[in-house]
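Below: the structure, in structure tokens.
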Amino acid sequence: MPYLTIAPSEKGGRGVFTTRNIAAGTVIEISPVIVLTSKERKTIEKTKLFDYIFEWGTRRRFGCLALGYVSLYNHDYNSNCDYEMDFEHKVMTIKTVKSVKKGVELSINYNAEPNNKTLVWFHKKIKP
């Protein structure tokens, strides 16, 4: 969409922002993905790309790297967007779950549900 832009994010690194108001329920991106075998996923998880891949498949054994902006949406436990995975067509769709004002960062919940408060991997405490 022409109203999506990438900019530095307070959440860390870069993020996806909107340059106009977006209504709830708006599909803002449909992105093809590159599907990784479970072996390829394990290799990628040892690199910087680890933070940019998604679990893929009904059993979540595979991984995928989403093209477009999908891998740049930052996490929020109270996200303003949701993502849907279409395993058959190998695409991910980003859709707003609430109205988003111009200039606001678009976010997804890495737990795959907009309000799921389960700690994600980078918020879990490492036990000694």
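Bear in mind that the values in this text are calculations on the coordinates, not laboratory data. Note that the structure is predicted; figures quoted are calculated from it, not measured. Don't worry about glycine lacking a Cβ; one is built from the backbone with ideal geometry, like all the others, and counts go over all protein chains shown.
What the table shows:
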read-out: Protection proxy ranking of 63-70, 92-99 - average other beta-carbon atoms within 10 Å, highest first; value: 63-70, 92-99
read-out: Per residue, the convex hull volume that the Cα atoms of the range 4-108 enclose (Å³); value: 98
read-out: Qualifying trypsin sites (Lys or Arg not before Pro) in the range 6-61, DSSP loop, other Cβ atoms within 10 Å at most 13; value: 11, 20, 46, 59, 60, 61
read-out: Residue-averaged [θ]222 nm for the chain, counting only DSSP H segments that reach four residues, each worth -39500 (n - 2.57); value: -1500 deg cm²/dmol
read-out: Set 42/101; 11/46; 11/98; 42/98; 46/102 screened for pairs whose C-alpha atoms are more than 31 Å apart; value: 42/101; 42/98; 46/102
read-out: Reachable aspartates and glutamates from residue 48, criterion Cα separation under 19 angstrom, eight or more residues apart if same chain; value: 40
